[in-house]
Amino acid sequence: MTRDNDIEKAGFNTKLVHGDDSSARVPDVVQPINVSTTFRYNDDPASLVAALDLEPGSGILDNLIYSRLSHPNSEKLEQVFEGILDGHVVMYSSGLAAFMAMLTHYNPKVIAIGQGYHGCHGIADIFTRLNGLKQIGLDDDYSQLGPGDIVHLETPVNPEGVSFDIKHYAEKAHARGAYLVVDSTLAPPPLQEPFKFGADMIMHSATKFFGGHSDLLAGCLVTKDLDIKHKLIEDRVYLGTNVANLESFLLLRSLRTFKIRLLTQSQSAQQLVQYLQNHIKEFSALSAVHHSSLQKDAYIKEQLPIGHSPVFSIDVDSPETARQLPYRLKYFHHATSLGGVESLVEWRSMTDKSVSQTLVRVSVGIEDVEDLIQDFHQALSGLSK
Ligand SMILES: Cc1ncc(COP(=O)(O)O)c(C=O)c1O
């Protein structure tokens, strides 16, 4: 059933569609949903190898054992992701499971961590409670970091959608023998490629743009080192955090259209941001627009050479306006999360109490951008005195 298609030389979209052709187990163009948790051992008694003696993650065709270790569609996901993420990939049941796996692997004594997704701070707090992990701010004094410690950089950052200089933090981390981990969830490739700027490990919540349809949870870690991939898989077996069977099928389905969706969302977000910024004086309800497309720093163009995150945020004139705005919009669901084909808006202090009560986060979907601009126009006009 397998096809050799010289995929390494192919382009990004081709890799998304054909990156796992070589591991097809049946002739179906869409490979089946595998719900089995367990797989019959090899028919030949002479060739049985103890499960623990197998190379982690080796061979989807021969070595399937139990779906907590791996299963056909989790293996196919890793295969497709390895084509586009420029490294060795380990899949997880969510973005936070990937972050937890990263901390478990490095087991740092100190982590420098900035603003960003509140859930990552929640996990860092668990490590602090369990084994005394010391947390310092992203821009604190790095003499507190030692070899093997971690700098965790989320860029572009949730919820604002503004960017930080990866190279700067990579140099600061490496000067202390620490590792730089970049959460690139808000700008996955081809928008941003953190390895080019010195990241040691990359994480993504695949729930967001890779999934793209607000119907699955998944995450991944990307490493340049095959040995680290194997260690992460060994940990994953016991943490029980492999991506689930149905989710894997859905995510594979989603990956086929990932780049087309992402680039449309990115362009529309930039147009909507530009519209808001250009008309800010017309709306007394609108105080500020935050997005990397409005940043002037030189590293922005290098780090985000073809476009910006489809996520941005605005500040409005009062918490009451922030509460009302989502209900004035017709084409944005008032809901948390981001990255789906449907535009979302969130009064962010609903889920993250650390952000200002006047901040509203926007995740732009694939609707016609003229409709989205018109929608913001009517909503902000209604709220401005
Ligand atoms: C930047 C970022 N990292 C990690 C996560 C966690 O991902 P998941 O919800 O898949 O666990 C999120 C979720 O919103 C996020 O925005």
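With a/c under 1.5 counting as rounded, go ahead and sort region 7-255 into rounded, prolate or oblate using the C-alpha gyration tensor (a ≥ b ≥ c being the square roots of the eigenvalues; past the cut-off, prolate if a/b is larger than b/c, else oblate).
prolate
Cα centroids of region 286-320 and region 352-376: how far apart, whole angstrom?
Result: 12 Å between the Cα centres.
So what J values fall out for region 74-81 if you push phi through Karplus, 6.51 cos²θ - 1.76 cosθ + 1.60 with θ = phi - 60°, rounded to Hz, Gly and Pro as x?
Along region 74-81, the couplings run 5, 5, 5, 4, 4, 5, 5, 4 Hz.
For a Förster distance of 51 Å, can you work out the FRET efficiency between the beta-carbons of residue 131 and residue 13, rounded to the nearest 0.05?
0.70
Once fully extended, how much extra length lies between residue 356 and residue 301, figured as 0.36 nm per residue of separation less the alpha-carbon to alpha-carbon distance?
17.0 nm
How much net charge surrounds residue 321 when only other residues with a Cβ under 13 Å from its Cβ are counted (Lys, Arg +1; Asp, Glu -1)?
With Lys, Arg at +1 and Asp, Glu at -1, the net is 0.
Quick query: amide H of residue 154 versus all other amide H atoms, modeled in the peptide plane; which residues come in under 5 Å with a sequence gap of 5 or more or a different chain?
Result for residue 154 returns 114, 183.
How much of the accessible area of region 7-255, probe 1.4 Å, is carbon plus sulfur, in whole percent?
54 percent
For region 29-39, take each phi angle, set θ = phi - 60°, evaluate the Karplus expression 6.51 cos²θ - 1.76 cosθ + 1.60, and give the result in whole Hz per residue in order, putting x for glycine and proline.
Result, rounded to whole Hz: 4, 9, 5, x, 6, 9, 9, 5, 8, 9, 10.
In nm, what is the difference between 0.36 nm times the number of residues separating residue 42 and residue 239 and their Cα-Cα distance?
68.3 nm
Return the FRET efficiency for the residue pair residue 277, residue 50: r is the Cβ-Cβ distance, R0 is 56 Å, and the value is rounded to the nearest 0.05.
The pair residue 277/residue 50 has a calculated efficiency of 0.35.
Take the chain, connect every pair of alpha-carbon atoms lying under 10 Å apart with a spring to form a Gaussian network, then pick out the residue of 40, 261, 68 with the largest mean-square fluctuation.
Most flexible of the set in this elastic network: 40.
What length, rounded to one decimal in nm, is gained on full extension from residue 335 through to residue 6, with 0.36 nm per residue of separation minus their alpha-carbon distance?
114.2 nm
How many Å² of accessible area per residue for the chain, probe 1.4 Å?
For the chain, the solvent-accessible area averages 44 Å² per residue.
Short version: ³J(HN,Hα) in whole Hz for each residue of region 183-192, in order, from phi by Karplus 6.51 cos²θ - 1.76 cosθ + 1.60 (θ = phi - 60°), x for Gly and Pro, what are they?
Once rounded to whole Hz, the list reads 8, 9, 3, 6, 9, x, x, x, 6, 9.
The values are calculated or read from the model by the stated rules, or taken from the named source; none is laboratory data. The model shown is predicted, which means the values in this text are computed figures rather than measured ones. When we count neighbours, we look across all protein chains shown, and the Cβ atoms used for this are built from the backbone with ideal geometry, even at glycine. Note: areas computed on protein heavy atoms with side chains; ligands, DNA, RNA excluded. Shrake-Rupley method; radii C 1.70, N 1.55, O 1.52, S 1.80 Å.
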